[in-house]
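The values are calculated or read from the model by the stated rules, or taken from the named source; none is laboratory data. In this text the structure is predicted, and so the values were computed from the model without any measurement. Here the Cβ positions follow ideal geometry from the backbone for every residue, glycine too, while neighbour counts run over all protein chains shown. To get the accessible areas, we keep the full protein, side chains included, count just its heavy atoms, and leave off ligands, DNA and RNA. Shrake-Rupley method; radii C 1.70, N 1.55, O 1.52, S 1.80 Å.
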Amino acid sequence: MKVINMKKMSLFMLAVALHSGVYARQPASVLWYSQPAKDWHEALPVGNGRLGAMVFGGYAGETIQLNEESLWAGCKTEANADAASHLPEIQQLLLNGDIDRALELSEKYLGSDPMRIRSYQSFGELKIDFFDESAPKVKHYRRELDLETGVASVTYELGDTRYTRELFASAPDNAIVLRMTAEGTDKLTFRLSYVREQDATAFPASENELEIKGQIVDLPARESSESGLHMKFAGRLRGVNKGGRLTTVNNAFFVENADEVLFFLTAATDYNFEKLDYDRSIDPSSVCATILNKLDERNYAGIKDRHVREHSALMNRMSFTLGTDDQSSVPVDERLQRVKDGATDLSLIALYFQYGRYLLLNSSRAPGKLPANLQGIWCKDMHAAWSSDFHTNINIQMNYWPAEVCNLSETVIPFSRLIEGLRVPGRVTAKKTYNSVGWAVNHLTDPFGRTAISDGVGWGTFPIASSWLVLHQWDHYLFTGDAAYLRDEAYPCMKEAAEFILGYLVKDKNGYLVTAPSNSPENAYLFNGKQFNFTYAATIDVEIITELFRACIQAEKILKQDDAFRKQLENTLKKLPPVRISQRYNTIQEWIEDYEEAEPGHRHISHLFGLHPGTMITPATPVLFEGAKKTLERRLSNGGGHTGWSRAWVINFYARLLDGKNAGEHMQALLAKSTLNNLFDTHPPFQIDGNFGGTAGIAEMLLQSHNGELHLLPALPPDWQSGKITGLCARGGWVVDLQWENGTLVAAHVFSKNGGKCKIRYKEQTKTVSIKAGEKYAHLTR
């Protein structure tokens, strides 16, 4: 593969080369610590998309907290407000500026029943007890998570015996695997028990197997779904020992004087994704037994090798090194503290990037079926913050910002399938509540297909969410070029979302077609001395609709299914209100009127959707581009960006503004102010979208492809003087490798999956080249 030294060129050179996807072991691939986790927020996560575990790494006693992706409280409900006949009056009141009366009627007629959903829940914990007395002193302790292999391990010495535990969640074998060994004079003697706060029990199924059975008991709760006996769940835990003795007793295993012990765990519920409901024809105990019975439990080496090969093949699609000062010999918590104290650790940023990819891979993939929720799949609670739900007013969308560009396109499939599944209940919401066709979902959903307004009419009324969700399906097509996916899965969802909008729009006093009711997520404005969420035509609505209609128009040109529909969208686009500049602050106006902001430093910055993740605010729209800069400055000067995910969004905004200095500074702030010792993002509390948004922001600084060209190093931070990244993906089916020194690009490699013309930009220089699918080699010069 030929590499061109770009520093010696008066313009720039590119090597367009075969992208093999095979790399040497990455330096930024291990999180390690010199002591056990003090609490859950220091434990280390493993997962296979369906099963998750948090490993604490104790030596007197160990805790391994468990999750199964579909274990949710609650049940399927028909919650939609029957408001269609009242909607025209509410809309007219909003258009007339009578917000008080519009809100009064909305509270009366738009409120769902029930208004709230129930929570995603922990599957329980494995507790391993080694000693009754106080913890002994150990030597050479190390706890680590290898992102490349997906294996969490703990090693330490006690006396002259070395103890090792390693745990991973295997996708090929659909199970969590734990291996414990003792090398030296002493042996393994311990009790391993299963515990859960509520609704489950464990008991011996045989001498070497525990069976777990449970059913969620939902008690009466304010504004929540009905109480009762709901989702059933089960698990099986099998133990295999070498040397000594292993037996089951009560809810536990007792192991005595063993050299090695293996445990194989799987779990299941009676949830049926196709029905978006639990299904009593599913026996979770039988599902678990079938999974474990397929395992060759005596061939640990084969099971681990199969897992590592599959996992590392996905992780190693990318490599990333940043800077020349490798700090990997220092424990991660110490490195993070140094950053909090003001130090810069570029290799920690590279590690954070790969960790984001790792978390997405292990919370959104087969054998799992559901997308990543607010906590991925890792949740310790019975009543989690925000129910650990699928929040659709930015959070689940942010979860998938890194998926395509970071070469994990498969992780989008569970998300896309949920979007597709929501169309059926979403049609009821569209018709019954909003008097429209197509489908709609509001500001959250759950595995039971919730699409009704939730949590409150004021900020829960967000029917534009379906239009935002389907843009991820369009992006999946843009990155992959999969025409069958566009035809069969993406476009049907997109078209129905657009049909909902067409039926929902009403004409305002200026002749524009507007959404009503509307809100700018979770934010409020001041009007006549009062504070309101409710409005019509919030700026984010206009921006999302513009993106959706443009995407549908492009899709129609590709698929050639309904030319009349395409023309209708084109005509409607001309009748949307413009995105306006505030006359008071020269910022992007957040609402249809230039209202004063109730909270100028609000965490949501929704009116910049058009900058990111949207595409309508670019340097080609200079007035809006400058307005976006001022918007961000004003938001931040008033305390915005204070939550982890909001800070991550700010990184992406500055990357799109081609401002590497500010993007880099906010990446530093994300680590210093919103990152826990295990590198989980904190809102607070823990919320995984900040991890994914931060990872996407790093990619956005290095490569952008949203405006029809490959823009190389568009927002490189000044202190990222040297680095190399391989495997970044771009819209159009391109895979890009970059290397830079002294802040200047020195080599670039572009591989084409689908073939076609590629416009490449570096700073102010551009070049267009035609590359065949799978092309191995070409180079460009002035």
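Assorted remarks:
- A Cβ distance below 6 Å, combined with a sequence gap of six or more or placement on separate chains, defines the contacts here; from region 306-320, residues that are outside any loop (DSSP other than H, G, I, E, B) reach residues that are open to solvent by 20 Å² or more (accessible area, probe 1.4 Å) and modelled with pLDDT of 95 or more in the pairs ARG306/PRO172; VAL308/THR149; GLU310/PRO172; SER312/GLU148; SER312/THR149; MET315/GLU148.
- Any hit, region 519-537, residues being assigned to a helix (DSSP H, G or I) and either at positive phi or in contact with a strand residue (DSSP E or B) (Cβ under 6 Å, 6 or more places away or on another chain) (or both): no
- Taking region 128-143 as the range and being surrounded by fewer than 20 Cβ atoms within 10 Å (Cβ to Cβ) and part of a strand (DSSP E or B) as the test, the residues that pass are ASP129, LYS139, HIS140, TYR141, ARG142.
- Strands (runs of 3 or more DSSP E) contained entirely in region 709-782, each with at least 3 residues that are over 23 Å from TYR654 (Cβ atoms) and among the hydrophobic types (A, V, I, L, M, F, W, C): 744-752
- Residue within region 412-432 that is touching a Cys at 6+ places or on another chain (Cβ under 6 Å), of a type in the set (Val, Ile, Thr) and open to solvent by less than 10 Å² (accessible area, probe 1.4 Å) present: yes
- Selection count where residues are open to solvent by 20 Å² or more (accessible area, probe 1.4 Å) and assigned to a helix (DSSP H, G or I), scope region 455-473: 3
- Among residues of region 224-238 that are free of Cβ contacts under 8 Å to residues at least 12 places away in the same chain, those with a beta-carbon under 8 Å from a residue that is in a loop (DSSP other than H, G, I, E, B) at least six positions away or on a different chain give the pairs SER227/LEU219; SER227/PRO220; SER227/ALA221.
- Condition check for THR155: assigned to a loop (DSSP other than H, G, I, E, B), over 30 Å from GLY449 (Cα atoms) and among the polar types (S, T, N, Q): no
- Residues of region 601-611 that are in a loop (DSSP other than H, G, I, E, B) and either among the aromatic types (Phe, Trp, Tyr) or open to solvent by less than 40 Å² (accessible area, probe 1.4 Å) (or both): GLY601, HIS602, HIS604, ILE605, PHE609, GLY610, LEU611.
- Filtered by the rule that a residue be in contact with a strand residue (DSSP E or B) (Cβ under 7 Å, 6 or more places away or on another chain), in a helix (DSSP H, G or I) and not hydrophobic (A, V, I, L, M, F, W, C), region 389-429 gives a lone residue, GLU404.
- Region 371-387, residues that are surrounded by 24 or more Cβ atoms within 10 Å (Cβ to Cβ), over 12 Å from the mean Cα position of the chain (by Cα) and either part of a helix (DSSP H, G or I) or aliphatic (A, V, I, L, M) (or both): SER387
- Cβ separations smaller than 6 Å between residues 6+ apart or across chains give the following pairs from region 78-93 residues that are closer than 15 Å to SER454 by Cα to residues that are of a type outside the set (Gly, Ala, Ser) and open to solvent by 30 Å² or more (accessible area, probe 1.4 Å): ALA79/ASP113; ASN80/VAL428; ASN80/LYS432; ASP82/LYS432; ALA83/TYR109.
- Test: LEU569 is surrounded by fewer than 17 Cβ atoms within 10 Å (Cβ to Cβ), touching a Phe, Trp or Tyr at 6+ places or on another chain (Cβ under 6 Å) and of a type outside the set (Lys, Arg): no
- Single residue of region 723-759 satisfying the filter (under 24 Å from SER29 (Cβ atoms) and open to solvent by 30 Å² or more (accessible area, probe 1.4 Å)) that is nearest to the chain's Cα centre (by Cα): LYS724
- If the condition is being over 27 Å from ALA289 (Cα atoms) and open to solvent by 30 Å² or more (accessible area, probe 1.4 Å), then region 159-188 contributes GLY159, ASP160, ARG162, GLU183, GLY184, THR185, ASP186, LYS187.
- Per-region count, region 623-674, residues farther than 17 Å from ILE588 by Cβ, surrounded by fewer than 24 Cβ atoms within 10 Å (Cβ to Cβ) and β-branched (Val, Ile, Thr): 1
- Any hit, region 498-516, residues being at pLDDT 95 or above, crowded, with 24+ Cβ neighbours inside 10 Å, hydrophobic (A, V, I, L, M, F, W, C) and within 22 Å of the chain's Cα centre (by Cα): no
- Check on GLY111, under 30 Å from THR77 (Cβ atoms), open to solvent by less than 70 Å² (accessible area, probe 1.4 Å) and of a type outside the set (S, T, N, Q): yes
- In region 608-622, the residues that are touching a residue at least 40 places away in the same chain (Cβ under 8 Å) and among the aliphatic types (A, V, I, L, M) form Cβ pairs under 9 Å with partners that are part of a helix (DSSP H, G or I) and open to solvent by 40 Å² or more (accessible area, probe 1.4 Å), at six or more places apart or across chains, as follows: MET616/ARG550.
- Residues of region 760-772 that turn out to be open to solvent by less than 50 Å² (accessible area, probe 1.4 Å) and either over 30 Å from the mean Cα position of the chain (by Cα) or of a type in the set (S, T, N, Q) (or both), as a count: 3
- Residue check, ASN272 within 30 Å of VAL424 (Cα to Cα), free of Cβ contacts under 8 Å to residues at least 24 places away in the same chain and either open to solvent by 10 Å² or more (accessible area, probe 1.4 Å) or in contact with a Leu (Cβ under 7 Å, 6 or more places away or on another chain) (or both): yes
- Verdict on ASN691 being open to solvent by 50 Å² or more (accessible area, probe 1.4 Å), under 24 Å from LEU611 (Cα atoms) and touching a residue at least 60 places away in the same chain (Cβ under 8 Å): no
- Among the residues making up region 660-697, those that are outside any helix (DSSP H, G or I) and either within 15 Å of LEU632 (Cβ to Cβ) or aromatic (Phe, Trp, Tyr) (or both) are PHE680, PHE686.
Residue-by-condition table, conditions (1) among the charged types (D, E, K, R); (2) open to solvent by 50 Å² or more (accessible area, probe 1.4 Å); (3) within 30 Å of SER112 (Cα to Cα); (4) touching a helix residue (DSSP H, G or I) at 6+ places or on another chain (Cβ under 9 Å):
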position	(1), (2), (3), (4)
PRO204	no, yes, no, no
GLU209	yes, no, no, yes
ASP218	yes, no, yes, no
ARG222	yes, yes, yes, no
SER225	no, no, yes, no
LEU229	no, yes, yes, no
LYS232	yes, yes, yes, yes
GLY235	no, no, no, yes
ARG238	yes, no, no, yes
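- Against the criterion of being surrounded by fewer than 18 Cβ atoms within 10 Å (Cβ to Cβ) and over 16 Å from ILE617 (Cα atoms), ILE558 qualifies.
- Selected residue (criterion: surrounded by the most Cβ atoms within 10 Å (Cβ to Cβ)) from residues of region 578-600 that are closer than 18 Å to ASN519 by Cβ and of a type in the set (A, V, I, L, M, F, W, C): ILE588
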